[in-house]
1. Of these, 26, 101, 40, which one is loosely packed, with under 12 Cβ neighbours inside 10 Å and touching a strand residue (DSSP E or B) at 6+ places or on another chain (Cβ under 7 Å)?
2. Take the residues of region 1-32 that are in contact with a helix residue (DSSP H, G or I) (Cβ under 8 Å, 6 or more places away or on another chain) and outside any loop (DSSP other than H, G, I, E, B): which is farthest from residue 69 (Cα to Cα)?
3. Can you tell me which residues in region 34-54 are free of Cβ contacts under 8 Å to residues at least 24 places away in the same chain and either within 20 Å of residue 97 (Cα to Cα) or under 12 Å from the mean Cα position of the chain (by Cα) (or both)?
4. Output yes when any residue across region 55-69 is within 17 Å of residue 100 (Cβ to Cβ), part of a strand (DSSP E or B) and in contact with a helix residue (DSSP H, G or I) (Cβ under 7 Å, 6 or more places away or on another chain), and no when none is.
5. Could we say that residue 49 is surrounded by 14 or more Cβ atoms within 10 Å (Cβ to Cβ) and outside any strand (DSSP E or B) here?
């Protein structure tokens with residue numbers, strides 16, 4: 001059985017509290033990725049969640065990469081977890097593109 005980092009477990013618990021169903025967890029070189037789905041009265045809400053393996057400064061480029069991934073999988077919102085801090089440009093772009101930034 002694989003042990004996941006605590007930030008992955010905490011993020012899954014948060015998504016469960018928000019009534020999202022998380023069915024898959026993908027692992028890449030520098031991040032974990034989830035595609036949680038929430039059933040609504042008028043359809044479903046699909047999110048893309050990136051959990052960084054190492055804390056780092058998150059700039060606008062990483063937020064744009066997440067937005068591109070959201071478009072690829074038809075996600076309506078995104079969550080980026082694990083930045084040590086976020087640049088002002090990244091915060092503004094994230095707010096405009098429906099991406100939640102979590103330290």
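1. 26
2. It comes out as 25.
3. 34, 36, 37, 38, 44
4. Checked against the condition, which is being within 17 Å of residue 100 (Cβ to Cβ), part of a strand (DSSP E or B) and in contact with a helix residue (DSSP H, G or I) (Cβ under 7 Å, 6 or more places away or on another chain), region 55-69 yields at least one hit.
5. No: the conditions fail for residue 49.
None of the figures in this text is laboratory data; all of them are computed from the coordinates on show. Keep in mind that this is a model prediction, so the values were computed, not measured. When we count neighbours, we look across all protein chains shown, and the Cβ atoms used for this are built from the backbone with ideal geometry, even at glycine.
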